[in-house]
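In what follows, a structure is listed as structure tokens, so that the remarks can point back to it.
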Number of protein chains: 2
Amino acid sequence: MGKKLVFGHKNPDTDALSAAVAMAYYLERIGEEAEAVALGKANDESKFAFDYFKVSLPRIVSSVADEVEEVVLVDHNEPIQSVDDLDQVTVIQVVDHHRIFGFNTGQPLYYRAEPIGSTSSVLYKMFQEKDIDIPQAIAGLMLSAIISDTLLLKSPTCTKEDIDIANELAKIAEVNLNEYGLELLKAGTNIASQSEDQILNGDAKNFEMDDQKIRVGQVNIIGFDEILDRKAALLAEMEKAVAQDDLSLFLFVATDVLDSNSIGLVAGNKASLAEKAFKQSLKEQQIDLPGVVSRKKQIIPPLTEAFTEE
Amino acid sequence: MGKKLVFGHKNPDTDALSAAVAMAYYLERIGEEAEAVALGKANDESKFAFDYFKVSLPRIVSSVADEVEEVVLVDHNEPIQSVDDLDQVTVIQVVDHHRIFGFNTGQPLYYRAEPIGSTSSVLYKMFQEKDIDIPQAIAGLMLSAIISDTLLLKSPTCTKEDIDIANELAKIAEVNLNEYGLELLKAGTNIASQSEDQILNGDAKNFEMDDQKIRVGQVNIIGFDEILDRKAALLAEMEKAVAQDDLSLFLFVATDVLDSNSIGLVAGNKASLAEKAFKQSLKEQQIDLPGVVSRKKQIIPPLTEAFTEE
């Protein structure tokens, strides 16, 4: 068997990129030929992390079947979030921390998922189990992934294991967890230089609910002023995406990383289901999401319920 | 969170039953409340193993939602092979060694699968990773599961890891691997006292291929005489099942455990796809399957290909 490409989901976040790099390293260490690649451009937060630990960002690919026969998925499994030609290759391994949805294989494979804060935390356990040392730079990326996915260990997805692992990784990476963590999160909140399209889609994921197409984007910020100043332009861009991509719902969530609080902008003909899901009323396509920070744990499950109960 | 029920697939084999018992023990050891149950009667081989190691067979259930909210699946994930009311409970953990198919969740979960010889081998690694001692009787059941699934380490699904694990488990269980293994396999080959329905369905699994319903049964025997003597009666029973359950194909495989060789009986209007899948011609609804012993590795993949390419 030849080289494997390892990649996270489209619109990669820090966990998708870091877990790909860490997993490729892990595979090389157990004797496989592997290369980390990315399904899109890195965001500012990820750029900060890769720059800080002096690691090159994975090269970006839009297809994989022209290069390899076998691939390894990290930080996702839903085909709708993966490379477009996924059905042309064999997925031989998955490491993830999301629900399993629409993922079917013809053959047995390695699948390792745990309901914890980040894929990088699962990978840390795999390194431990095989007694493989984690180099400083890769530890730094894995730590960045945990900080990013758990908003510096404050998200409801964060477990005791994530906290312990983050502390271990901070030692290996030789950084102060809190200081580095705040720097990293702040690096991801600069939206002034971004277009509405970049803000909306930088971290957007598609989901299928009750056979309808849903998009949920999320951006980290400090305070909501910048988002509210650009609300009309953001909504106009969202309406365009709804029409173009036949979305039943586009929910864009802005999360205050210091305050652990969110607001949402909503478009699509099923916008009312957001009201039902979050038990909040929609005012001028805007909804309060008090205490909500996790798409995986606090947004997708109630939305799924609202769509399937409809 | 209350008690979890742990179970393998319908028509349980030795791995489905042993892995459920071993997983329930593992969960109890890490502080969870868990009980192993079974989705059907044990076959003669499994009865031999449980009797040999003096372990009670798990009680049989036909539904779970009346008892618990959360379940743990071992040795399967396809809902079509699982308990009928699976959609009424939450699957919080899966340990398996099969392909993933039709398995969707709303929430993140523990999922541990590896492409190795038995679920019990995966469990052995989980015990090791958490430094949990395996009691003699449970080691004996896990060993029996590996022997059963790999036909005493001879199936193409058997890996170096399975062989090493089987040897370790034989030491803990205090049995001679080869002697005990042959005894166990022979215990499963006694079909004289079984009805045609019992022979056909004792180990049958349903699959969906290209939206059609397929059933593949398998029986272990020594020599093919007993099967060929009862061929007409077996085929009559198969035709009945095809009509009753709307099957496109019913393939019944008899595997000589000493000779690692199989023959198949075939019914259903897509019988010709078995010819295509195995590149053998069908004579009076019978097909040679030289060297075939593994449903997972040598039967399901070519059948799936034949159905999807059709």
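The values are calculated or read from the model by the stated rules, or taken from the named source; none is laboratory data. Here the structure is a predicted model, which means the values were calculated and not measured. Because the Cβ atoms are built from the backbone with ideal geometry, glycine has one as well, and the counts that use them run over all protein chains shown. To get the accessible areas, we keep the full protein, side chains included, count just its heavy atoms, and leave off ligands, DNA and RNA. Shrake-Rupley method; radii C 1.70, N 1.55, O 1.52, S 1.80 Å.
Scan segment A:128-160 for residues that are touching a Phe, Trp or Tyr at 6+ places or on another chain (Cβ under 9 Å), in contact (Cβ under 8 Å) with a residue 40 or more places away in the chain and surrounded by fewer than 21 Cβ atoms within 10 Å (Cβ to Cβ) and report the count.
Counting residues in segment A:128-160 that are touching a Phe, Trp or Tyr at 6+ places or on another chain (Cβ under 9 Å), in contact (Cβ under 8 Å) with a residue 40 or more places away in the chain and surrounded by fewer than 21 Cβ atoms within 10 Å (Cβ to Cβ) gives 5.
Return the pairs, sorted by first residue and then second, in which the second residue is acidic (Asp, Glu) and surrounded by fewer than 17 Cβ atoms within 10 Å (Cβ to Cβ), the first residue lies in segment B:257-279 and is part of a helix (DSSP H, G or I), the beta carbons are less than 9 Å apart, and the residues are 6+ apart or on different chains.
That search, which allows pairs on different chains as well, returns B:273/B:310; B:276/B:305; B:276/B:309; B:276/B:310; B:277/B:305; B:278/B:288.
Inspect all residues belonging to segment B:33-44 and state whether any of them is open to solvent by 20 Å² or more (accessible area, probe 1.4 Å), within 14 Å of chain A (Cβ to nearest Cβ), in a strand (DSSP E or B) and within 13 Å of residue B:5 (Cβ to Cβ).
no
Where the second residue is β-branched (Val, Ile, Thr) and the first is part of a loop (DSSP other than H, G, I, E, B) and lies in segment A:182-203, which pairs have Cβ atoms under 7 Å and are six or more apart or on separate chains?
Once the first residue is part of a loop (DSSP other than H, G, I, E, B) and sits in segment A:182-203, its partners that are β-branched (Val, Ile, Thr) give A:189/A:221; A:189/A:222; A:189/A:257; A:191/A:199; A:191/A:219; A:191/A:221; A:202/A:219; A:203/A:219.
So which of B:251, B:235, B:282, B:303 is under 19 Å from the mean Cα position of the chain (by Cα), among the aliphatic types (A, V, I, L, M) and over 24 Å from residue B:187 (Cα atoms)?
Sole residue among the options that is under 19 Å from the mean Cα position of the chain (by Cα), among the aliphatic types (A, V, I, L, M) and over 24 Å from residue B:187 (Cα atoms): B:303.
Assuming residue A:94 fulfils every condition listed in (1) assigned to a strand (DSSP E or B); (2) modelled with pLDDT under 95 apart from one, which condition is it?
Among (1) assigned to a strand (DSSP E or B); (2) modelled with pLDDT under 95, the lone unmet condition for residue A:94 is (2).
Open to solvent by 50 Å² or more (accessible area, probe 1.4 Å), acidic (Asp, Glu) and more than 25 Å from residue B:103 (Cβ to Cβ): does that describe residue B:66?
no
Going by what's in this entry, would residue B:265 be described as within 20 Å of the chain's Cα centre (by Cα), crowded, with 21+ Cβ neighbours inside 10 Å and farther than 23 Å from residue B:155 by Cα?
So residue B:265 fails the test.
Could you list all residues from segment B:239-262 that are crowded, with 16+ Cβ neighbours inside 10 Å and either hydrophobic (A, V, I, L, M, F, W, C) or within 14 Å of residue B:199 (Cβ to Cβ) (or both)?
Listed by number, the residues that qualify are B:241, B:242, B:247, B:249, B:250, B:251, B:252, B:253, B:254, B:255, B:257, B:258.
Could you please find all residues in segment B:83-106 being surrounded by 22 or more Cβ atoms within 10 Å (Cβ to Cβ) and away from chain A (no Cβ under 14 Å)?
B:83
Within segment B:169-214, can you find the residues that are touching a Gly at 6+ places or on another chain (Cβ under 7 Å) and closer than 24 Å to residue B:231 by Cβ?
The answer is B:200, B:201, B:203, B:204.
Going by what's in this entry, would residue B:109 be described as among the hydrophobic types (A, V, I, L, M, F, W, C) and open to solvent by 20 Å² or more (accessible area, probe 1.4 Å)?
no
Checking the structure you have, find out if any residue of segment B:107-127 is touching a Ser or Thr at 6+ places or on another chain (Cβ under 6 Å), modelled with pLDDT under 95 and within 10 Å of another protein chain (Cβ to nearest Cβ).
no
Does residue A:13 fit the bill of being touching a Gly at 6+ places or on another chain (Cβ under 6 Å), closer than 18 Å to residue A:181 by Cβ and either aromatic (Phe, Trp, Tyr) or assigned by TED's automatic domain parsing to the domain that holds residue A:149 (or both)?
Criteria not met by residue A:13.
Every residue in segment B:280-310 that is in contact (Cβ under 8 Å) with a residue 40 or more places away in the chain, open to solvent by 20 Å² or more (accessible area, probe 1.4 Å) and part of a helix (DSSP H, G or I), please.
B:295, B:296, B:297, B:298, B:304, B:308
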